[in-house]
1. In the same structural domain as T252 (by TED's automatic domain parsing) and at pLDDT below 75, is that true of E384?
2. With the requirement that a residue be of a type in the set (A, V, I, L, M) and either in contact with a Gly (Cβ under 7 Å, 6 or more places away or on another chain) or closer than 27 Å to L229 by Cβ (or both), what does the stretch 39-92 give you?
3. Count, please, the residues in the stretch 52-102 that happen to be touching a residue at least 12 places away in the same chain (Cβ under 8 Å), among the hydroxyl-bearing types (S, T, Y) and outside any loop (DSSP other than H, G, I, E, B).
4. Exactly one of (1) within 19 Å of S285 (Cα to Cα); (2) surrounded by fewer than 13 Cβ atoms within 10 Å (Cβ to Cβ) is unmet by Q364. Its number?
5. Filter the stretch 301-317 down to residues that are assigned to a helix (DSSP H, G or I) and surrounded by 17 or more Cβ atoms within 10 Å (Cβ to Cβ), then give me how many there are.
6. Of the residues in the stretch 187-204, how many are surrounded by fewer than 20 Cβ atoms within 10 Å (Cβ to Cβ) and of a type in the set (A, V, I, L, M)?
7. Please find, within the stretch 205-227, the residue that is nearest to K153 (Cα to Cα) out of those that are out of contact with any strand residue (DSSP E or B) (no Cβ under 8 Å at 6 or more places or on another chain) and small (G, A, S).
8. From the residues in the stretch 201-234 that are touching a helix residue (DSSP H, G or I) at 6+ places or on another chain (Cβ under 7 Å) and β-branched (V, I, T), which one is nearest to N300 (Cα to Cα)?
Amino acid sequence: MSNEITVSQSLAEAAAPLKNKLLGLAEHDQRFKLHNELHAGAVELLEAPTQISHLVLLCDNDLAGRERSCIAQLCERYGVTPPTLHNNHFSATLGMYRMTWERHTEYSTYTFFHGAPFEIPFAEPAINHVPKEWLETLPGEIIVATHIAFDNKQRPRRGLKELSALFASNTVIGSEVAAGNAVVWTDNQIHSDGFGRILIHDVALRRRQAGRLVRRLLEIETYRMLAMLPVPMMRSYIPQLARFDERLAALTETNIKLECIEDEQRLLNELTLLAAEIERISAKSSQRFNASSMYYDIVNLRVSELREKRIQGLQMIKEFIEQRLTSAMGTCTLVNNKLETLSTRVERASSLLRTRVEISMEKQSRDLLHSMDKRAHLQLRLQETVEGLSIVVLSYYLLGLTSYGLKAIKAAGFKLDTELATGIAIPIVVGAVFFLVRRIRRMVHTDGD
């Protein structure tokens, strides 16, 4: 295999003179980037016999710089040009082995190829040729580790007894793949070295066809583990969701027995807290569940692309995936559906209770308005009573003033019967005060309107 940078780099360099104009027309600034995405992660051309080791490390995007730095150190060790800061795919021959690196959203893959004859598969895997001290510097956590041994067509197909020894007496699954051009065996187990094992026997594979087959098998291993990531978390939520269900049922039953608005408001607060807890779990799990569903779809697609044919007495890879992975994904789907159902039920119960609280508050408001109206009516009656008393009081004081005036006139030498004059003034003063008070009240009402 020749020393090369990724296909995306080569395409970008070849297209560089065309980036400004094409036929005198401006080009979209993302045209080459989008085009090169289709060619990212080129298929390796493989020939048997070959040993392959594959690592998948979970690591965030903020560790991408450290990954490139590690790869640059390895390239410097072998005198190879390292990837640029913008490359997420890299492939190069480093001494006795070849390495490919791919950076994805939440994980990175490292695949090592060593083409050399071997008698016992997995005895000397490709990763043994990679500097151990360099492997220890890689950032992230291993989620997938797999060895692939690629037997050539000249070697006789291995029998079940030999396969049993190679896979440590575990249950072997396998099938003919690629329209019968190869045979694949595995046990889907992690062995004592921490790696899974896949054995491929070449029947009539072309180099590119062999590369595509290996890539599909590695993607099945990678994506089935990534699809399984939320399963433990989802299973831990099952008892909690059962408690939420019982709590919601109890709160709904309590809703029927409420007697006052304070009880209704207290129950509404409890429903709000329950809804918040459900939404917290939903927010925590939904992103992981969506990613897992996408990975599961990719696994099913890659399994279908194997085009398996049954080997008598062996379970096929598709059957294993359907029995094991589908069951685990069913747990995730069950929990996700339960969360959505609980959220809908809590929202419905809260809506009903809010309607009940609003009706109770409207009733209280109506009673309050009725009480205020009654109080205003009493105040009006009281006001009218006070008004009558005020006429008497004002008339009394005015008559007193009139009496003092008449007495003063009599003291001045005028002949005047003050008692008679005061008695005559009584109806006049009372009438004047009465009409004056009514006029003032009418003016106040007119200003209020």
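1. Values: in the same structural domain as T252 (by TED's automatic domain parsing): no; at pLDDT below 75: yes.
The answer is no for E384.
2. As a first pass, look at the stretch 39-92 and keep what is of a type in the set (A, V, I, L, M): 40, 42-43, 45-46, 48, 52, 55-58, 63-64, 71-72, 74, 80, 85, 92.
Those that are of a type in the set (A, V, I, L, M) and either in contact with a Gly (Cβ under 7 Å, 6 or more places away or on another chain) or closer than 27 Å to L229 by Cβ (or both): A40, V43, L45, L46, I52, L55, V56, L57, L58, L63, A64, I71.
3. Number satisfying all stated conditions: 6.
4. The one condition Q364 does not meet is (1).
5. First, the residues of the stretch 301-317 that are assigned to a helix (DSSP H, G or I): 301-305, 317.
Now drop any that are not surrounded by 17 or more Cβ atoms within 10 Å (Cβ to Cβ), which leaves 302-303, 317.
Residues flagged as assigned to a helix (DSSP H, G or I) and surrounded by 17 or more Cβ atoms within 10 Å (Cβ to Cβ) within the stretch 301-317 amount to 3.
6. Residues in the stretch 187-204 being surrounded by fewer than 20 Cβ atoms within 10 Å (Cβ to Cβ) and of a type in the set (A, V, I, L, M): 3 in total.
7. Filtering the stretch 205-227 for residues out of contact with any strand residue (DSSP E or B) (no Cβ under 8 Å at 6 or more places or on another chain) gives 206-209, 211-212, 215-216, 219-220, 223-224, 227.
Checking the rest, the ones that are also small (G, A, S) come to 211, 227.
Values: G211: 15, A227: 34 Å.
Once the filter is applied, the top-ranked residue is G211.
8. Checked the stretch 201-234; the qualifying residue nearest to N300 (Cα to Cα) is I220.
The values are calculated or read from the model by the stated rules, or taken from the named source; none is laboratory data. Remember, it's a predicted structure, so these values are computed and weren't measured experimentally. Every residue, glycine as well, gets a Cβ built from its backbone with ideal geometry; the counts of neighbours run over all protein chains shown.
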